[in-house]
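Report on the following structure.
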Amino acid sequence: MKTIKVGILGSTGMAGVEYVDLLVGHPWFKISTLTGKKNVGKKYGEAVRTIKNIPKEVEDIEVVEPDPKQVDADLVFSSLPSEVAREVEAKFLEHGFPIVSETSAFRMEPNVPLIIPEINPDHLELIEIQKKDRDSFIVTTPNCTAVGLALSLKPILDNYGIEKVVVSTYQAVTGAGFPGVPSYLILGNIIPYIKKEEEKVSSETKKILGRLDRGKIEHAKFPIEASCARVPTIDGHLEAVYVETEKNVKIDEVIEVFRRFRGEPQELNLPTAPRDPIIVTDLEDRPQPRLDVMSGTKPGMSIVVGRVRHGESNNTLKYFVLSHNRIRGAAGVAVLTAELLFVKGYLEGR
Ligand SMILES: NC(=O)c1ccc[n+]([C@@H]2O[C@H](COP(=O)([O-])OP(=O)(O)OC[C@H]3O[C@@H](n4cnc5c(N)ncnc54)[C@H](OP(=O)(O)O)[C@@H]3O)[C@@H](O)[C@H]2O)c1
């Protein structure tokens, strides 16, 4: 089997280091290029020394500029800051690189798939529309907060229909990148504002849960009201979700629906796919970021749902959901998407 060479743009950041962890020893993908900005010219191990202990295999790779001429890869992952991503990703597309991007730059473009592999693998068909204009293509993955929300809503939508969603979030500091929020602002504190986050959670979740119809995505119609806060946890975004459903819901049944939920990654047994995309805890005081964020067969790739209960009527549901923002919410969802692209034959072109 041909090995796919992969480059990681923004490899020295909070999310970038998680790609490296997932990709060293990967059965199909091999890291060929690592890019940065301030760290250009350093060895990778030195560049990320204060963020994470990384595998020996990548310690000595030199960090380079995100310049297509310096990147030798069949696929690039983009974990760039959103302010620079649009220009840099466009340049890589022009040079014929397929891209899987976790940045917001192209997520909401009509012809760009926004993918959570368990939910909407069919949206990858949009690649054919992109390929009418050029040889390369871009696939995006969502904002870290939208990932946990959308995954937990998908089985509810399919089984009961959704009228309305209200979500309040408690988001970890690593979601703000490195070095992120100044310690004085976040230690012993909560900041009830994250720029553009509430809009992204709502619009991206509706695109992911939308239906592809004759080459166009019809976004889900129900309202999603989000309130987002930064809290002093390290990894794992916790979300308190309230859902009004079209049909009445029985709590035992919906728990079973969550537990049985599977998607194409599980059917295809993709290397990064967790056995259970949704784990439900019965413990009354869980999920907790510190205790539960690495649950499951592929640590960081399952979301954990708990405190599933009714609101004031049988067509309302309340629960907490926890997802690892840098793994399931960033590097993990991107690598899983790339694995899906690989098995579907989209990475044979370069
Ligand atoms: N952190 C998360 O949990 C998370 C989750 C989902 C999505 N995302 C998205 O992923 C992207 C990266 O997030 P992050 O948290 O990893 O950010 P970060 O920690 O700030 O890392 C940014 C990376 O981009 C590089 N970079 C910075 N400025 C650059 C420039 N002008 N040109 C080229 N490269 C540049 C940095 O290199 P140097 O270190 O060498 O300067 C570093 O490798 C963002 O778009 C973010 O919204 C993050």
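The values are calculated or read from the model by the stated rules, or taken from the named source; none is laboratory data. The structure presented is a predicted model; accordingly, all values stated were derived computationally and were not measured. Cβ coordinates were reconstructed from backbone atoms using ideal geometry, including for glycine residues, and neighbour counts include every protein chain displayed.
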- Item | Residue that is closer than 30 Å to Glu128 by Cβ and either buried (at least 16 other Cβ atoms within 10 Å of the Cβ) or of a type in the set (A, V, I, L, M, F, W, C) (or both), where the choices are Tyr346, Tyr319 | Tyr346
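Would you mind finding the one in Ile127, Ile194, Ile224 that is buried (at least 23 other Cβ atoms within 10 Å of the Cβ) and either under 22 Å from Lys344 (Cβ atoms) or in the same structural domain as Ala240 (by TED's automatic domain parsing) (or both)?
Ile224
From the residues in the range 232-244 that are in a loop (DSSP other than H, G, I, E, B) and surrounded by fewer than 18 Cβ atoms within 10 Å (Cβ to Cβ), which one is farthest from the chain's Cα centre (by Cα)?
Start the filter on the range 232-244 by keeping residues that are in a loop (DSSP other than H, G, I, E, B), which leaves 232-236.
Filter once more, keeping what is surrounded by fewer than 18 Cβ atoms within 10 Å (Cβ to Cβ): 232, 234.
Working: Pro232: 21, Ile234: 17 Å.
Of everything passing the filter in the range 232-244, Pro232 is farthest from the chain's Cα centre (by Cα).
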- How many of the residues making up the range 87-120 are more than 19 Å from Ala146 (Cβ to Cβ) and basic (Lys, Arg)? 1
- Query: Within the range 273-281, is even one residue over 20 Å from Glu18 (Cβ atoms), more than 19 Å from the chain's Cα centre (by Cα) and not hydrophobic (A, V, I, L, M, F, W, C)?
  - Reply: yes
- Message: Let me confirm something: among Leu151, Leu114, which residue is away from the ligand (no atom under 13 Å from the Cβ), buried (at least 24 other Cβ atoms within 10 Å of the Cβ), among the hydrophobic types (A, V, I, L, M, F, W, C) and within 19 Å of His324 (Cα to Cα)?
- Response: Leu151
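Test of understanding: among Glu83, Glu62, which residue is within 14 Å of the ligand (Cβ to nearest atom) and free of Cβ contacts under 8 Å to residues at least 12 places away in the same chain?
Working: Glu62 fails: free of Cβ contacts under 8 Å to residues at least 12 places away in the same chain.
So the residue among Glu83, Glu62 that is within 14 Å of the ligand (Cβ to nearest atom) and free of Cβ contacts under 8 Å to residues at least 12 places away in the same chain is Glu83.
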- Specify which of the listed residues (Ser183, Ser152, Ser136, Ser168) is among the hydroxyl-bearing types (Ser, Thr, Tyr) and either in contact with a helix residue (DSSP H, G or I) (Cβ under 6 Å, 6 or more places away or on another chain) or at pLDDT below 95 (or both). Ser136
- Note on the structure: Reported set for the range 221-231 where residues are farther than 22 Å from Ile156 by Cβ and assigned to a strand (DSSP E or B) is Ala229, Arg230
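Mind telling me which of the residues Arg326, Arg290, Arg307, Arg286 ends up being under 28 Å from Val173 (Cα atoms), among the charged types (D, E, K, R) and in contact with a Ser or Thr (Cβ under 7 Å, 6 or more places away or on another chain)? So that I can check it myself, show each step before the final result.
Numbers: Arg290 fails: in contact with a Ser or Thr (Cβ under 7 Å, 6 or more places away or on another chain); Arg307 fails: in contact with a Ser or Thr (Cβ under 7 Å, 6 or more places away or on another chain); Arg286 fails: in contact with a Ser or Thr (Cβ under 7 Å, 6 or more places away or on another chain).
Residue meeting the stated conditions: Arg326.
Filter the range 175-220 down to residues that are in a loop (DSSP other than H, G, I, E, B) and on the phi < 0 side of the Ramachandran plot, then give me how many there are. Walk me through it before giving the result.
From the range 175-220, those in a loop (DSSP other than H, G, I, E, B) are 177-182, 187-190, 192-196, 209-210, 214-215, 219-220; that's our starting set.
Then drop every residue that is not on the phi < 0 side of the Ramachandran plot, which leaves 178-179, 181-182, 187, 189-190, 192-195, 209-210, 219-220.
Total satisfying the criteria: 15.
For the range 245-276: of the residues being of a type in the set (Val, Ile, Thr) and part of a loop (DSSP other than H, G, I, E, B), which is surrounded by the fewest Cβ atoms within 10 Å (Cβ to Cβ)?
Of the residues in the range 245-276, the ones of a type in the set (Val, Ile, Thr) are 245, 249, 251, 254-255, 257, 272.
If we keep only those that are part of a loop (DSSP other than H, G, I, E, B) as well, we get 249, 272.
Working: Val249: 22, Thr272: 24.
Among those residues, the one meeting the criterion is Val249.
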- Task: Return the residue satisfying two criteria in turn: it lies in the range 65-80 and is under 16 Å from Leu23 (Cβ atoms) and away from the ligand (no atom under 13 Å from the Cβ), and of such residues it is surrounded by the fewest Cβ atoms within 10 Å (Cβ to Cβ).
- Result: Asp72
- Query: Counting only residues that are at pLDDT 95 or above and away from the ligand (no atom under 11 Å from the Cβ), which one in the range 1-19 is nearest to Phe342 (Cα to Cα)?
  - Reply: Ile4
- Query: If the Cβ limit is 7 Å and pairs must be 6+ apart or interchain, which residue in the range 91-119 that is outside the structural domain of Leu268 (by TED's automatic domain parsing) pairs with which residue that is within 16 Å of the ligand (Cβ to nearest atom) and modelled with pLDDT under 95?
  - Reply: Thr103/Ser82; Ser104/Ser82; Ala105/Ser82
- Message: Let me spell it out: the conditions are (1) among the acidic types (Asp, Glu); (2) under 16 Å from the mean Cα position of the chain (by Cα); (3) more than 12 Å from the ligand (Cβ to nearest atom), and Glu197 meets all of them except one. Which number is the exception?
- Response: (3)
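Of the residues that make up the range 176-189, is at least one of a type in the set (Phe, Trp, Tyr), touching a residue at least 24 places away in the same chain (Cβ under 8 Å), within 16 Å of the ligand (Cβ to nearest atom) and crowded, with 18+ Cβ neighbours inside 10 Å? So that I can check it myself, show each step before the final result.
Filtering the range 176-189 for residues of a type in the set (Phe, Trp, Tyr) gives 178, 184.
Next cut, touching a residue at least 24 places away in the same chain (Cβ under 8 Å) only: 178.
So of that shortlist, the ones also within 16 Å of the ligand (Cβ to nearest atom) come out as 178.
Subsequent filtering for residues that are crowded, with 18+ Cβ neighbours inside 10 Å retains none.
No, every residue in the range 176-189 fails to be of a type in the set (Phe, Trp, Tyr), touching a residue at least 24 places away in the same chain (Cβ under 8 Å), within 16 Å of the ligand (Cβ to nearest atom) and crowded, with 18+ Cβ neighbours inside 10 Å.
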- Message: Quick test of your reading of the structure: Thr33 fulfils all but one of (1) among the polar types (S, T, N, Q); (2) touching a strand residue (DSSP E or B) at 6+ places or on another chain (Cβ under 8 Å); (3) not in a strand (DSSP E or B). Name the failing condition by number.
- Response: (3)
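Just one of Phe92, Phe29 is within 26 Å of Asn269 (Cβ to Cβ), more than 8 Å from the ligand (Cβ to nearest atom) and not basic (Lys, Arg); which is it? Working first, answer last.
Details: Phe92 fails: within 26 Å of Asn269 (Cβ to Cβ).
Just a single option satisfies the conditions, and that option is Phe29.
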